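Read-outs throughout are calculated quantities, based only on the coordinates presented, and are distinct from any laboratory measurement. All figures in this text were calculated on a predicted structure; none of them were measured in a lab. Cβ placement follows ideal geometry from the backbone for every residue including glycine, while neighbour counts extend to all protein chains displayed.
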Amino acid sequence: MGKVTSYHKGDMLFETKVGNHIVASDVPGTPAWGGKDRAPTPPDFFIVSLGSCIAAFVVQYCQNVGIDSQDMSVDVDYDKSDKPVYLKNIRVTVYLPHADVKDRIEAIRRVSEHCTVHETISQIDHIDIEVLDRNAHAA
């Protein structure tokens, strides 16, 4: 089972331990949130995880079938809804500048849809949240 742990470092800055790595995140630099743009926001990381996961799956597929994936890029564009706050209209563009993929476009699209992050988004229907107090009692 995987696990990441996020720690509040003060002043709306957070550090998250991911395996052997530490990733910083901040909140929006608005009066309501009080962030200072010292690191990406949590929703930024959500989009980063989707784009980088798709990129990895596409490159692996291309290498397996002999498609040139040099300089490949993945753009993820999205809009944000305010009430409730969530990301919407997520659009992914995979760009393979040195390849001719006309016969493999659908295969690359399917590979992209099967990356771990996309599959998770597609399958998730609920996230359990437990709150513990200083005595480790459920609040």
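The label point for Val131 and the one for Ala56, both projected 7 Å from the Cα toward the Cβ, are 3.3 nm apart.
Assuming charge only on the beta carbon of Lys and Arg (+1) and of Asp and Glu (-1), the dipole of the chain about its Cα centre is about 220 debye to the nearest 20. Within the chain, the whole DSSP H helices whose Cα atoms reach 24 Å or more along their own axis and whose mean Kyte-Doolittle score is at least 0.5 are 42-65. Assuming R0 = 35 Å, what is the FRET efficiency of Arg110 and Thr16, from their Cβ-Cβ distance, to the nearest 0.05? Computed FRET efficiency for Arg110 and Thr16 comes out at 0.65. Seen from Arg110, the other residues with C-beta closer than 15 Å to its C-beta sum to a net charge of -2, counting Lys and Arg as +1 and Asp and Glu as -1.
Within the shell defined by Cβ-Cβ distances under 13 Å, the residues around Ile67 carry a net charge of -2, with Lys and Arg each +1 and Asp and Glu each -1. Please state the shape class of the chain: rounded when a/c is under 1.5, otherwise prolate if a/b exceeds b/c and oblate if not, all from the C-alpha gyration tensor. Taking the square roots of the gyration eigenvalues as a ≥ b ≥ c, the chain is prolate.
What's the local net charge at Ile90, with K and R +1, D and E -1, over the other residues with C-beta under 9 Å away? Net charge in that neighbourhood comes out at 0.
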